[in-house]
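Bear in mind that the values in this text are calculations on the coordinates, not laboratory data. As the structure is a computational prediction, the values presented were derived from the model and not from experiment. We place every Cβ from the backbone using ideal geometry, glycine too, and count neighbours over all the protein chains shown.
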Amino acid sequence: MNGVLPDRALRELIDAGAIRAPIDLSPDQIQPASIDLRLGTMASRLRASFLAGRGRSVAERLPDFEMHRMDLSQGAVLEKGCVYLVPLVERLSLPKGIEAVANAKSSTGRLDLLTRLVTDDGTEFDRLPDGYDGPLYAEICPRSFSVLVRPGMRLNQLRLRRGQAVLDDAELMALHRTDPLVDGAPLIDQGLGFSVDLRPAAGDLVGYRARPHTGVIDLDRVGAYDARDFWDELRTGDGRLILDPGAFYILVSREAVAIPPDYAAEMSPYLAMVGEFRVHYAGFFDPGFGHGSGGRGARGVLEVRCHEAPFALEHGQVVGRLVYERMAARPDRLYGAGIASNYQGQGLKLAKQFR
């Protein structure tokens, strides 16, 4: 059956050697509809981001861009504003008919840690054609904070699919009628639209803005950092927020969304033309996200960057959309059900490293 491959199928691909590594994959790398990828032991500091290009390998192109190499085995700092390339532990030999797409994990995006998958023969980031056979690399560019990384850390994840199973608008509306996807009237236009919440039900805290000069964040330390040392709180009483060019924001969607067990979703920017900003990181939403929250759903955290000019963001302004896909089969475990799901039932929430 066409669709996103569930955890059971991912385990079968591992057993068949289609996903393999010199270090055994850990069971907790397998999520309901994706697999976490691990950093290797070395990082190359680059003078520029690059793609291998058709018919060429990353290893072949690396000498053109590499400045120096760093050993990650004892931990190393990736500095804000710099670009790094890290070989990943996992390697793929995808069967024909199965393609893959990668994305940053939730905490990675909330730290403004641009992480993209790079492959041999690649002409775009984060996309692997069916039958891809080769190594995987993570390009990492810390945008707001310098970070301490070690081998085995998981900054991005891979979703595999067979065929195309994206729901069109009519199918999405039909699904909403039988299994509500949002806690109100849905805005369906090439996916499920969502807007920004700048009039919270309680208080006036609407988001956070990354501070420009901070310390290093050790990605392994959960709940270790005082948020006030890294973020400025944003408050408003009039439902409006002026975004500063170059600044990075954590906001939250007005809508509470749900992903039914037989579906997965991906967050995408809405339209580049809506203003001088964009939802900075697309993201994966696993089957079951918000679905076990008493029918209330869970709100989506928005990672927003403003670009060329200051921009007035208004309460209820549409900023992104969720594109839903069918699962090839229902996962054995759903998001938030007996697995380490840090953001189930979330509201406005920073990355797990902050308290």
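May I ask you to list the GluC sites (Glu not before Pro) in the range 87-140 that are in a DSSP loop and have at most 13 other Cβ atoms within 10 Å of their Cβ? In loop regions of the range 87-140 (DSSP not H, G, I, E or B), the sparsely surrounded GluC sites (Glu not before Pro) are GLU124.
Roughly how compact is the range 146-246, stated as its Cα Rg over 2.2 N^0.38 Å to two decimals? Walk me through the intermediate numbers first.
Values: Rg = 19.7 Å, N = 101, 2.2 N^0.38 = 12.7 Å.
Against the compact-globule rule of thumb, the ratio is 1.55.
Distance between the 7 Å Cα→Cβ label points at ASP71 and ASN2: 5.1 nm. Dipole magnitude for the chain: about 460 debye, using +1 per Lys or Arg Cβ and -1 per Asp or Glu Cβ, origin at the Cα centre.
Ordering VAL58, ILE30, ILE14 by the projection of their Cα atoms onto the charge dipole of the range 1-135, which places +1 on the Cβ of Lys and Arg and -1 on the Cβ of Asp and Glu, puts VAL58 at the extreme positive end.
The MET173 and ARG240 beta-carbon pair, evaluated with R₀ = 30 Å, returns a calculated FRET efficiency of approximately 0.45. By the compact-protein rule of thumb, 2.2 N^0.38 Å, the alpha-carbon radius of gyration of the range 19-151 corresponds to a ratio of 1.02. Only DSSP H runs of four or more residues enter the estimate; each adds -39500 (n - 2.57), and after division by the residues of the chain the mean residue ellipticity at 222 nm equals -2000 deg cm²/dmol.
Treating only the Cβ of Lys, Arg, Asp and Glu as charged (+1, +1, -1, -1), what charge dipole size does the range 137-207 show about its Cα centre? Round to the nearest 20 debye.
Details: 8 positive and 9 negative charges, 116 e Å.
Magnitude of the dipole: close to 560 debye.
Ranking GLY239, VAL77, ALA309 by Cα position along the charge dipole of the chain, where only Lys, Arg, Asp and Glu carry charges on their C-beta atoms, puts VAL77 farthest toward the positive end.
Protection proxy ranking for 39-51, 166-178, using the average of other Cβ atoms within 10 Å per residue and placing the highest first: 39-51, 166-178.
Once both labels are positioned 7 Å from their Cα atoms along Cα-to-Cβ, the gap between ASP232 and ARG150 label points is 3.4 nm. Selection among ALA227, ALA201, PRO186 by position relative to the dipole of the range 186-235 gives ALA201 as farthest towards the positive end (Cβ unit charges, Cα centre). Its residue count N sets the reference 2.2 N^0.38 Å, and the alpha-carbon radius of gyration of the chain equals 0.97 times that reference.
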